[in-house]
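Would you mind keeping the following structure in view while I ask a few things?
The values are calculated or read from the model by the stated rules, or taken from the named source; none is laboratory data. These figures come from a predicted structure and were not determined experimentally. Glycine gets a Cβ as well: all are built from the backbone with ideal geometry, and neighbour counts include every protein chain shown. Note: areas computed on protein heavy atoms with side chains; ligands, DNA, RNA excluded. Shrake-Rupley method; radii C 1.70, N 1.55, O 1.52, S 1.80 Å.
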Amino acid sequence: MNIESLLSQATCEVIDVDGVTGRRDASLGTAWLVSDQGHLLTAAHVVAPLWQAAGAEARVHVRFPTSASGEGTPAEPAATETRAPETATFTFAPVHDRARNLDLAVLQLTASTTRSALPVVLAAEAEGDVLVCGYGQNTRGWQRTGRGRLVGKAIRGGDSDGWMFQYESPMLVHRGFSGGAVWSVSRNGVIGLQTLAELPESVVVGPGAAGPSAWLDPTAAFAVPLVRMIQDWPDLRALDGLSRQGTCVLVQSADGDTRRRAALRDDVVVPVLRELGLELYESQPGDTAEEDLRQLEDAAVVLADISHEDPGVTYELGVAQALGVPDVVIVDTARRPGGASMFQVLELDTSDPAGSRERLAERLVDVRSVFATLGRADSDNPLTSYFRTPLTQISAANALSLGYLKNFVRPVSQILRRLRHDPGSAHLTVGGRRLKPAQVATVTLTVVLPEHLSWAQDDFIAREIAEAGHIVDAVLDDNLSRPRSMKALPPRRGEPLRLLDVFPTTMSAMSDTIEQRVAHLGVGGEETARLRTARDELEAKEIDRFHLRLLDRVRQDTERESGRLMRDVVRVERARAVFPGLDPGLR
């Protein structure tokens, strides 16, 4: 799956099914999936007529491409007419603040989805190419993807706080692309929301603009940066998982052709990594040092050059694939011809550096984007073909997440799903008060994951969370199994209750395995900066693995209870999303 496919499967057309605008089934604009809980982002002006007609009770109809995987995207308008629209509701009132240049609406699908949300980056700086996917009103029902190039920040209206990303492109369908995700190739995620476009005649197309005929392509477009939306939608902060760009580990052989290796590194690899915002680490040729292994484990991506047969390169590539790190295996055809291989190989030619840079950049972006979106590598290799998962996912984090799902999340979700159908099938006590059946019919469970494993301790939860008044005690009892004790956000009038399992204490078991893996870095049992750094990096990686595996298992679970799936009632979030005031540096 490449970036275009990822964008395609998550991007939908907003349709006026009820004819609120005077034209039934009119195309209003574009929206896209931003969370696994079914949240959609679009521009406020796209859905403003629907909100004005019905307010919070409004129903927004959206239509996704035919295939949830992004494959089979319709090639012509007629192919999309049989797709049934899906329904979404407003999370809060659309924000259309001209003074701040904010144009934002957050929707939520009323039914669960198996589509993958797009990764977001809360970036204030970006450069290079962007991709935007949307539905033009001049190509109704037909999804298109255009490429443009960022030219910098634009200040519209004279207020520097209302800055926007500006990019240029001759390829984007302008009318109808409003609300589309703006994907930055260098930042490897969505950085903004398209809201405006300027035509060659300097006519602005966007909220309230008349504009000339719809088929003209714009030369400039503007996007509201996601980082500026946090004030209006704080939950967006928790979705940012890509701000840290990371390191690319280059593994090359120890053959005597140093000139060829240098040409591959300096003329092809380094310029591409610079464009993508990745740092370079060169593994030691002909040997595998401790630092090489540490870098492989923490790498954002691995490049392995197998142009010359070298056991060291194959060994380190195997380590990376066992860890589940995204990889790109390359062969320099100037050194030897490509051919059959046990790996998925990208052929480059150092005698054509420009062409090689283009091919490498495209593959690197695709591999990292798939990993960021789906949580798994996109490369074929013998290990994952046999085990169906990297070896590190047969690990403490993987096993603990599975046990936690079976022993707690699934049983609780089954009770909550039955409550949707039969509110009297269980009783719920929150803060010492038993809730009425009507109050429990919309209850959800949120698993809150810690930023540090030391937070997954009863004393920390009691001291830093409970005593601070952030949560109250809750007990769920269906009289069939043991009562389930957990926490809840203090109830608010008119809002569905959110049960919480705060910092699952089962995660604390991962601390022991981490200490064993980094203990050799200490000197005489003393704490060292290197030991602390290695522990912190490995801890963050294990928490991420637990998060990804648990989220994937919730999302992929197909067992129905009272006609509903687990993902209809269960969310998995990090502490910074649920408790934004909690100091993330507190240990």
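Considering only residues of the range 370-382 that are open to solvent by 30 Å² or more (accessible area, probe 1.4 Å) and out of contact with any Ser or Thr (no Cβ under 9 Å at 6 or more places or on another chain), which is modelled with the lowest pLDDT?
Among them, the one singled out is Ala372.
Among the residues that make up the range 463-473, is at least one of them in contact with a His (Cβ under 8 Å, 6 or more places away or on another chain) and more than 29 Å from Arg549 (Cα to Cα)?
No, because not a single residue in the range 463-473 is in contact with a His (Cβ under 8 Å, 6 or more places away or on another chain) and more than 29 Å from Arg549 (Cα to Cα).
Has the range 528-537 got at least one residue that is touching a helix residue (DSSP H, G or I) at 6+ places or on another chain (Cβ under 6 Å), at pLDDT 80 or above and not in a helix (DSSP H, G or I)?
For the range 528-537, residues touching a helix residue (DSSP H, G or I) at 6+ places or on another chain (Cβ under 6 Å), at pLDDT 80 or above and not in a helix (DSSP H, G or I): absent.
Looking only at residues that are farther than 23 Å from Val62 by Cα and not small (Gly, Ala, Ser) in the range 180-197, which one is modelled with the highest pLDDT?
Only one residue tops the list, namely Val185.
Using the structure shown, decide if Leu391 is open to solvent by 40 Å² or more (accessible area, probe 1.4 Å) and modelled with pLDDT under 75. Break it down stepwise before answering.
Numbers: open to solvent by 40 Å² or more (accessible area, probe 1.4 Å): yes; modelled with pLDDT under 75: yes.
Yes: the conditions hold for Leu391.
Which of the residues belonging to the range 162-179 are of a type in the set (A, V, I, L, M, F, W, C), outside any loop (DSSP other than H, G, I, E, B) and either at pLDDT below 80 or touching a Gly at 6+ places or on another chain (Cβ under 9 Å) (or both)? So that I can check it myself, show each step before the final result.
Initially, the range 162-179 is screened for residues of a type in the set (A, V, I, L, M, F, W, C), giving 163-165, 171-173, 177.
Filter again for outside any loop (DSSP other than H, G, I, E, B), leaving 163-165.
If the condition is that a residue be of a type in the set (A, V, I, L, M, F, W, C), outside any loop (DSSP other than H, G, I, E, B) and either at pLDDT below 80 or touching a Gly at 6+ places or on another chain (Cβ under 9 Å) (or both), then Met164, Phe165 are the ones that fit.
Yes or no: Ala540 over 20 Å from Glu464 (Cβ atoms), surrounded by fewer than 19 Cβ atoms within 10 Å (Cβ to Cβ), out of contact with any Leu (no Cβ under 8 Å at 6 or more places or on another chain) and hydrophobic (A, V, I, L, M, F, W, C)?
Values: over 20 Å from Glu464 (Cβ atoms): no; surrounded by fewer than 19 Cβ atoms within 10 Å (Cβ to Cβ): yes; out of contact with any Leu (no Cβ under 8 Å at 6 or more places or on another chain): yes; hydrophobic (A, V, I, L, M, F, W, C): yes.
No; evaluated as a whole, the condition is false for this residue.
If Arg587 meets every condition in (1) under 19 Å from His452 (Cβ atoms); (2) at pLDDT 85 or above; (3) touching a Ser or Thr at 6+ places or on another chain (Cβ under 9 Å) apart from one, which number is that one?
(2)
Could I ask something else about it? Consider Thr145 carefully, then state whether it is open to solvent by less than 50 Å² (accessible area, probe 1.4 Å) and either part of a strand (DSSP E or B) or modelled with pLDDT of 85 or more (or both).
no
Any chance the range 318-332 includes a residue that's more than 29 Å from the chain's Cα centre (by Cα) and modelled with pLDDT of 85 or more?
In the first step, residues of the range 318-332 are kept if they are more than 29 Å from the chain's Cα centre (by Cα); the result is 331-332.
Subset that is modelled with pLDDT of 85 or more: 331-332.
Yes, the range 318-332 has at least one match.
Those residues that are polar (S, T, N, Q) and open to solvent by 10 Å² or more (accessible area, probe 1.4 Å), I need them from the range 294-320; list them, please.
Residues satisfying the conditions are Gln295, Thr314.
Further question on the same structure: Need a quick list: helices (runs of 4 or more DSSP H) entirely within the range 406-523 having at least 2 residues that are more than 30 Å from the chain's Cα centre (by Cα).
410-421, 437-440
Output the residues belonging to the range 1-23 that are of a type in the set (A, V, I, L, M, F, W, C) and either part of a helix (DSSP H, G or I) or over 19 Å from Leu109 (Cβ atoms) (or both).
Passing the criteria: Met1, Ile3, Leu6, Leu7, Ala10, Val20.
Go through (1) small (Gly, Ala, Ser); (2) touching a helix residue (DSSP H, G or I) at 6+ places or on another chain (Cβ under 8 Å); (3) open to solvent by 20 Å² or more (accessible area, probe 1.4 Å); (4) under 22 Å from Glu127 (Cα atoms) and name the single condition Ala263 misses.
With (1) small (Gly, Ala, Ser); (2) touching a helix residue (DSSP H, G or I) at 6+ places or on another chain (Cβ under 8 Å); (3) open to solvent by 20 Å² or more (accessible area, probe 1.4 Å); (4) under 22 Å from Glu127 (Cα atoms) applied to Ala263, the lone miss is (4).
Related question: Go through the range 92-123 and report how many residues are assigned to a loop (DSSP other than H, G, I, E, B), surrounded by fewer than 16 Cβ atoms within 10 Å (Cβ to Cβ) and in contact with a Phe, Trp or Tyr (Cβ under 9 Å, 6 or more places away or on another chain).
2
For the subset of the range 28-40 comprising residues that are in a strand (DSSP E or B) and open to solvent by 10 Å² or more (accessible area, probe 1.4 Å), which member is nearest to Ala238 (Cα to Cα)?
Once the filter is applied, the top-ranked residue is His39.
Checking Leu118 against (1) more than 21 Å from Arg237 (Cα to Cα); (2) modelled with pLDDT of 90 or more, only one condition comes out false. Which one?
Every condition holds for Leu118 apart from (1).
So, one more: Only residues in the range 431-452 that are over 15 Å from Glu495 (Cβ atoms) count as the first member; pair them with residues that are of a type in the set (Phe, Trp, Tyr) and buried (at least 16 other Cβ atoms within 10 Å of the Cβ), Cβ under 8 angstrom, at least 6 apart or cross-chain, and list the lot.
Val448/Phe503; Val448/Phe579; Leu449/Phe503; Leu449/Phe546; Pro450/Phe503
Still on this structure: Starting from the range 314-328, keep only residues that are within 12 Å of Ser379 (Cα to Cα) and β-branched (Val, Ile, Thr), then list their pairs with residues that are part of a helix (DSSP H, G or I) and modelled with pLDDT under 90 whose Cβ atoms are within a distance under 7 Å, requiring at least 6 positions of separation or different chains.
From the range 314-328, the pairs are Val328/Arg363; Val328/Leu364; Val328/Val367.
Every residue, every condition in (1) open to solvent by 30 Å² or more (accessible area, probe 1.4 Å); (2) at pLDDT 80 or above, yes or no:
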residue	(1), (2)
Met229	no, yes
Trp233	no, yes
Leu236	no, yes
Ser243	yes, no
Leu250	no, yes
Thr258	yes, yes
Val270	yes, yes
